[in-house]
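Report on the following structure.
The values are calculated or read from the model by the stated rules, or taken from the named source; none is laboratory data. Fair warning: this is a prediction, and the values are worked out from it, not measured in the lab. FYI the Cβ positions are ideal-geometry reconstructions off the backbone, even for glycines, and counts take in every protein chain you see.
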Amino acid sequence: MKSTCHCGGVELLIKIPNGLKELRRCNCSICRKKGTVVASVAIENLSVVKGEKVLTEYTFYSHTAKHYFCSRCSIYTHHKRRSNPNQYGVNIACIEGINIEDFLHIGYVEGRGFFGDEG
């Protein structure tokens with residue numbers, strides 16, 4: 001699957017062998033503000049094929065999770081997960097052909113309170 005930011009400066013190739021399953025939203029301080037629906041993929045199933053130099057990394061508190069976004073258009077594309085550092089969380093709205101309105105029913109997982117993140 002091809003995944004891109006808004007301006008096209010960042011392009012990811014994502015392999016999701018079992019399709020879009022186990023989708024989630026998180027209610028931690030950063031995810032509440034992003035509001036994205038996320039799919040988890042194994043580290044080896046995501047590669048940056050374009051725009052590695054325009055990706056910006058953001059971390060906070062424990063600095064375990066690494067959130068990536070395009071430095072040109074500011075779109076969050078993916079993050080290395082804190083709860084499972086062998087996986088990336090992928091913003092499914094960036095995946096080509098996805099209609100985000102089809103995923104409004106996705107519920108939230110509890111992310112508040114971890115590592116002092118009450119934000």
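Miscellaneous remarks
- The condition of being over 11 Å from the mean Cα position of the chain (by Cα), within 15 Å of Cys5 (Cβ to Cβ) and among the charged types (D, E, K, R) does not hold for Glu22.
- Pairing each residue of the stretch 80-109 that is within 15 Å of Ile30 (Cβ to Cβ) and at pLDDT below 90 with any residue that is assigned to a strand (DSSP E or B) and of a type in the set (S, T, N, Q), provided the two are 6+ apart or on different chains, yields C-beta distances under 6 Å for Arg81/Gln87.
- For the stretch 27-74, the set of residues classified as in contact with a Ser or Thr (Cβ under 9 Å, 6 or more places away or on another chain), among the hydrophobic types (A, V, I, L, M, F, W, C) and assigned to a loop (DSSP other than H, G, I, E, B) consists of Phe60, Ala65, listed by residue number.
- Only one of Cys70, Cys31 that is farther than 14 Å from Thr4 by Cβ, touching a strand residue (DSSP E or B) at 6+ places or on another chain (Cβ under 9 Å) and hydrophobic (A, V, I, L, M, F, W, C): Cys31
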